[in-house]
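Notes for the one structure printed next.
The values are calculated or read from the model by the stated rules, or taken from the named source; none is laboratory data. Quantities reported herein were computed from a predicted structural model and do not represent experimental measurements. Using ideal geometry, Cβ is built from the backbone for each residue, glycine included, and neighbour counts are taken over all protein chains shown.
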Amino acid sequence: MTKKYIVYGRVQGVGFRYFVQELAKKLKFNGRVKNLFDGSVEVVIDSSRHEEILKEIKKGNFFSHVDEIKEIETLETTYEDFKVLY
């Protein structure tokens with residue numbers, strides 16, 4: 001099941017997208033991550049194990065600070081890898 005999340009906090013300009021990408025590769029998740037214009041980050045996860053990666057995303061990397069993660073929709077899309085979009 002593919003779900004879309006919006007991550008709020010200090011998540012742009014701190015390597016957060018690359019942190020999520022490396023985490024997804026380590027945990028073998030597919031999807032994508034990209035910055036949004038309002039300063040948040042969109043994360044799309046294609047897996048049935050969402051809670052496993054969300055727990056780590058909430059912690060963030062050394063430079064980031066996650067205030068909130070909102071699930072905004074479930075998608076009928078599948079991904080074959082995990083990418084950072086620009």
Every residue from region 40-55 that is closer than 18 Å to ARG10 by Cα and in contact with a Phe, Trp or Tyr (Cβ under 9 Å, 6 or more places away or on another chain): SER40, VAL41, GLU42, VAL43, LEU54
Residue list for region 45-58, restricted to those being surrounded by 12 or more Cβ atoms within 10 Å (Cβ to Cβ) and not aliphatic (A, V, I, L, M): ASP46, SER47, ARG49, HIS50, GLU52, GLU56, LYS58
Members of region 3-44 found to be crowded, with 20+ Cβ neighbours inside 10 Å and in a strand (DSSP E or B), listed by number: TYR5, VAL7, GLY31, ARG32, VAL33, VAL41, VAL43, VAL44
Within region 54-78, tally of residues that are at pLDDT 95 or above, in contact with a strand residue (DSSP E or B) (Cβ under 9 Å, 6 or more places away or on another chain) and at negative phi: 13
Scope region 59-72; condition exposed (fewer than 12 other Cβ atoms within 10 Å of the Cβ) and assigned to a loop (DSSP other than H, G, I, E, B); matching residues: PHE62
Count - residues of region 73-82 that are exposed (fewer than 11 other Cβ atoms within 10 Å of the Cβ) and over 22 Å from GLU22 (Cβ atoms): 3
